[in-house]
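Here is the structure we will look at, set down as structure tokens.
The values are calculated or read from the model by the stated rules, or taken from the named source; none is laboratory data. Owing to the predicted nature of the structure, the values given are computational and were not obtained by experimental measurement. Reconstructed Cβ throughout: ideal geometry from the backbone, glycine too, with neighbour counts over all protein chains shown. Quick note on the areas: whole protein, heavy atoms, side chains included, nothing else; ligands and nucleic acids left out. Shrake-Rupley method; radii C 1.70, N 1.55, O 1.52, S 1.80 Å.
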Amino acid sequence: MSSCSRHWSRPKCRRLGARVERRRLQRIASSLHPVTALALPERAGREANAALAEALRHELPCTLALVRLGSGDRTNSANGAWDHEAVRLASALGKDARVVGYDDPVTLLALFEREPAEGVTLLADLYGSRDAHSPDWHACVVGARDLGARDIATL
């Protein structure tokens, strides 16, 4: 007997399963990760390039941060720990970032209209507030002005 049928009738389990599948497909169609609902690489890159162009047009500071799952924690990517940590980071970064999404399956990107030092401070605080079950990760922060970059790939 499945765990769903112990608590609910089979029709309720089927409806729940259908609802979850519809939500998953809607997210994928919108270029969002099916579990975390964060922008997938193509969408995140497109949105980041647009935000970067706008910031540069208005001569605002602009900083790119990449947060990557530690190489020793790649098994956490499969068991959902990275997804959980990615959502925690995106929730915290989203308050300050114009764009937060995946650069690849084990890397988040965030684009801020702030100076790089502010991004470093924010990420250091987030790293320090990880719980004991969170996977290890590292981050890179770079300012658009520092490189004269006009697109995310260059940055």
Under 7 Å between Cβ atoms, at least 6 apart or on separate chains: pull out the pairs that start in the range 109-137 with a residue that is more than 14 Å from T63 (Cβ to Cβ) and at pLDDT 90 or above and end on any residue that is open to solvent by less than 70 Å² (accessible area, probe 1.4 Å) and of a type in the set (S, T, N, Q). P135/N76
Of the residues A65, A139, A110, which is under 21 Å from T36 (Cβ atoms), open to solvent by 40 Å² or more (accessible area, probe 1.4 Å) and part of a strand (DSSP E or B)? A139
Unique residue being under 26 Å from P116 (Cβ atoms), part of a helix (DSSP H, G or I) and either among the β-branched types (V, I, T) or touching a residue at least 12 places away in the same chain (Cβ under 8 Å) (or both) when the list is E47, E42, E54: E47
Is it the case that the range 70-89 has a residue that's open to solvent by 20 Å² or more (accessible area, probe 1.4 Å), in contact with a strand residue (DSSP E or B) (Cβ under 9 Å, 6 or more places away or on another chain), closer than 24 Å to E42 by Cβ and not hydrophobic (A, V, I, L, M, F, W, C)? yes
Going residue by residue through the range 114-131, is there one that turns out to be closer than 28 Å to A81 by Cβ, touching a Pro at 6+ places or on another chain (Cβ under 6 Å) and not in a loop (DSSP other than H, G, I, E, B)? no
Can you find a residue in the range 73-80 that is out of contact with any helix residue (DSSP H, G or I) (no Cβ under 8 Å at 6 or more places or on another chain) and acidic (D, E)? no
L60, sole failed condition from (1) part of a loop (DSSP other than H, G, I, E, B); (2) in contact with a helix residue (DSSP H, G or I) (Cβ under 7 Å, 6 or more places away or on another chain): (2)
